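First comes the structure, then the notes that go with it.
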Amino acid sequence: MTIKDIKEALGARYICGEELEDREVHAACGSDMLSDVLAFVKDRAVLLTGLCNPQVIRTAEMMDIVCIVFVRGKMPDDVMIEMAKERDIVLLSSGHRMFSACGLLYEKGLRGGAPYR
Amino acid sequence: MNESITLNYDVDSNDFTRAGEASSSVKRKLKLMGVDPDIIRKVAISLYEGEINMVIHSYGGTIEVIISTDMIEMILRDKGPGIEDTELAMQAGYTTAPDNIRSLGFGAGMGLPNMKKYSDDLKIESVVGKGTTVRMKVYIPKNIS
């Protein structure tokens with residue numbers, strides 16, 4: 001699945017990084033707890049979150065996350081957008097709530113990686 | 001790379017806009033040095049959790065990162081207040097973080113467990129009233145260095 005596919009499945013809009021829309025995404029993570037995101041490494045992942053602060057971008061950077069979807073119509077501020085641009089992280093905003101957004105992507109075949117043991 | 005390289009950073013207490021800048025800088029430098037991506041990720045995540053801990057819990061401190069051919073060592077020193085029970089602090093889910101930290105997405109009691117998970121060696125020395133020193137090592141296997 002590409003970032004463009006995610007954008008279309010969620011009826012989302014680009015905040016930045018549209019030029020990177022052909023990048024592949026292999027896994028997804030939906031969380032409002034950043035330490036949970038940091039606990040499980042996934043390859044070329046998209047992060048869905050209702051959080052909206054600079055640490056979301058930093059967490060994505062540390063995890064090599066390629067795209068962040070802000071659910072519930074959340075909009076990052078200019079500082080966050082600039083940070084994402086510098087790190088080649090695509091930002092999307094979707095009106096869907098977390099559960100629905102995750103479900104729509106799951107339906108399209110995107111998975112969360114190995115189960116927790 | 002024959003000699004080791006040392007990087008030094010200051011970490012301010014309660015500055016959540018800049019929190020993570022040191023980890024970000026270390027990650028970029030390791031990438032430029034051509035270090036294996038899996039090693040970089042281990043360093044980045046454990047250092048970032050440690051840096052966030054310093055911002056949340058400490059009165060500020062310093063981060064020293066020593067990069068050598070066989071390992072990357074991270075030393076985080078803060079000026080207090082110190083951890084009363086380090087064993088308890090290591091338990092997944094245990095937290096003393098206030099509510100405003102949880103609203104930022106932290107304070108789930110996963111910082112130290114994550115640092116233990118991603119580093120190959122973690123040592124915490126803490127004296128209440130004086131401060132805490134966290135030492136983490138990530139080893140670079142010979143075949144990928």
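Give the residue that is nearest to B:Ala44 (Cα to Cα), with candidates limited to residues of segment A:15-26 that are aliphatic (A, V, I, L, M) and open to solvent by 10 Å² or more (accessible area, probe 1.4 Å). Talk me through it step by step, then tell me what you get.
Pass one, segment A:15-26, residues aliphatic (A, V, I, L, M): A:15, A:20, A:25.
With the extra rule that they be open to solvent by 10 Å² or more (accessible area, probe 1.4 Å), the set shrinks to A:15, A:20.
Numbers: A:Ile15: 26, A:Leu20: 24 Å.
Checked segment A:15-26; the qualifying residue nearest to B:Ala44 (Cα to Cα) is A:Leu20.
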What's the number of the only condition in (1) open to solvent by 30 Å² or more (accessible area, probe 1.4 Å); (2) of a type in the set (S, T, N, Q); (3) at pLDDT 95 or above that B:Ser68 fails to meet? (1)
For B:Gly129, work out the one condition from (1) of a type outside the set (Val, Ile, Thr); (2) within 19 Å of B:Tyr59 (Cβ to Cβ); (3) not in a loop (DSSP other than H, G, I, E, B) it doesn't fulfil. (3)
Taking the criterion of being open to solvent by 50 Å² or more (accessible area, probe 1.4 Å), in a loop (DSSP other than H, G, I, E, B) and modelled with pLDDT of 95 or more, would at least one residue in segment B:97-117 satisfy it? no
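With the structure loaded, tell me whether B:Ile66 is within 17 Å of B:Lys137 (Cβ to Cβ) and without any contact (Cβ under 8 Å) to a residue 24 or more places away in the chain or whether it fails that test.
Numbers: within 17 Å of B:Lys137 (Cβ to Cβ): yes; without any contact (Cβ under 8 Å) to a residue 24 or more places away in the chain: no.
Taking the combined requirement at face value, the residue does not satisfy it.
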Segment A:38-61, subset buried (at least 20 other Cβ atoms within 10 Å of the Cβ) and more than 10 Å from chain B (Cβ to nearest Cβ), residue nearest to B:Glu49 (Cα to Cα): A:Ala60
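The values are calculated or read from the model by the stated rules, or taken from the named source; none is laboratory data. Since the structure is predicted, the reported quantities are computational estimates derived from the model, not experimental observations. So basically every Cβ, Gly included, is an ideal-geometry build from the backbone, and we count neighbours across all protein chains shown. Areas reflect the complete protein model, heavy atoms only, side chains present, ligands, DNA and RNA absent. Shrake-Rupley method; radii C 1.70, N 1.55, O 1.52, S 1.80 Å.
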